[in-house]
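Chemist: This is the structure I want to talk about, given as structure tokens.
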Amino acid sequence: AKVGDMLSSKDLKTVQSFLQSPEDYFDAEPTFKQSYAPQSGEIFGILKNMLSTFEADLSQAQKDEMQSQKAYEDLKAAKEDEIKQGQDHLEEKQEELANTDESLAQAKEDLEDTRTSLAADQAFLANLKEKCQLTDQEYEQRTKTRQEEISAVSEALSFLTSDEAHDLFSRTFNFVQTASTEDARRSKAAKILAETAHKVSSAALATLAGQVQRDAFVKVKKAIDDMIAKLLQDKEDEIKQKDFCIEELNTNERETELKNRDKEETQAKIDTLTNEIETLINEIDTLKAEIASLQTELKRAGEDREQENKDFQETVADQRATVKLLEKTLDVLKGFYNKKHKG
């Protein structure tokens with residue numbers, strides 16, 4: 001508190017007068033001027049009140065300073081705790097971001113692997129379709145053709161072998177008649193084979209038809225048996241090939257479907273991870289901004305506290321100096337009164 005703030009105008013004038021000419025208040029005999037000036041007892045009372053006021057103000061200022069310091073320390077501790085929590089949260093988010101980045105990289109690698117595998121499956125499928133061009137209709141047609149070939153060969157064989165035992169017996173008694181019968185059978189068998197060969201465009205049947213006309217019976221029979229066996233083997237091989245194509249096509253279709261699903265799921269995972277990364281980056285930026293703001297607030301609070309303490313120290317210094325001055329002045333006045341009382 002300032003002196004002017006705690007004194008009335010009248011008391012202030014009295015003190016100012018005393019400070020300008022203190023000797024007027026301690027003359028042994030009252031002077032003309034002193035008769036119009038306040039008495040030294042009045043000055044003593046004013047100064048004593050001032051001392052009490054300054055001492056009270058100093059004590060209150062010290063209490064206020066302690067409270068302000070405690071409030072600052074509480075604020076500082078709270079801000080530091082908030083900063084610590086923010087930094088911990090920031091580290092967690094940064095670690096989460098690193099893990100998410102790693103997951104995203106792995107997902108992209110998985111997607112690339114899936115695309116490569118899918119492309120290989122598609123290439124395999126194209127090659128498989130090329131090898132398995134036989135459609136159901138074509139398969140049925142070839143089966144029908146083969147069956148006609150087998151029927152023709154079997155019928156031709158039956159003509160040549162149905163009465164083989166009888167022919168052998170007849171040849172024993174009538175060679176000319178037997179030869180004529182055999183030629184007729186050969187011609188009939190050759191005709192069946194030739195007609196079927198023309199119908200189904202079979203070079204093998206046409207060749208066999210020629211063999212029936214000119215080769216020996218045993219050789220012809222073997223050729224027919226071999227051809228039947230070959231036709232049956234071709235049929236079996238074609239059935240196996242058809243079954244293989246169907247199974248491979250179905251397997252490839254299932255694998256392609258699964259890989260397409262994997263591709264979609266991986267792409268969805270990549271999209272999710274990308275969104276998570278974007279969210280984490282935003283959260284990290286927000287946390288950094290909040291931490292920076294808290295640090296700024298703490299710094300400003302420290303600067304404000306430093307300035308308040310500086311003002312307090314200056315005020316305390318002024319008040320202590322004033323208190324000392326008042327105490328010395330009062331000591332002088334007390335000495336004067338004591339001396340005067342003894343006198």
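Chemist: Computing the accessible area with a 1.4 Å probe over protein heavy atoms, can you report the carbon and sulfur percentage for the stretch 47-151?
Modeler: Here carbon and sulfur together make up 47 percent of the probe-accessible area.
Chemist: Further question: Would you mind checking the pairs 93/269; 108/131; 263/288; 129/199 and listing those with alpha carbons more than 25 angstrom apart?
Modeler: Checking Cα-Cα distances, 108/131; 263/288; 129/199 exceed 25 Å.
Chemist: Leaving out ligands and nucleic acids, and using a 1.4 Å probe, what accessible area per residue does the stretch 226-343 come to in Å²?
Modeler: Roughly 70 Å² per residue, with all protein chains present.
The values are calculated or read from the model by the stated rules, or taken from the named source; none is laboratory data. These numbers were taken from a predicted model, which means no experiment stands behind them. Note: areas computed on protein heavy atoms with side chains; ligands, DNA, RNA excluded. Shrake-Rupley method; radii C 1.70, N 1.55, O 1.52, S 1.80 Å.
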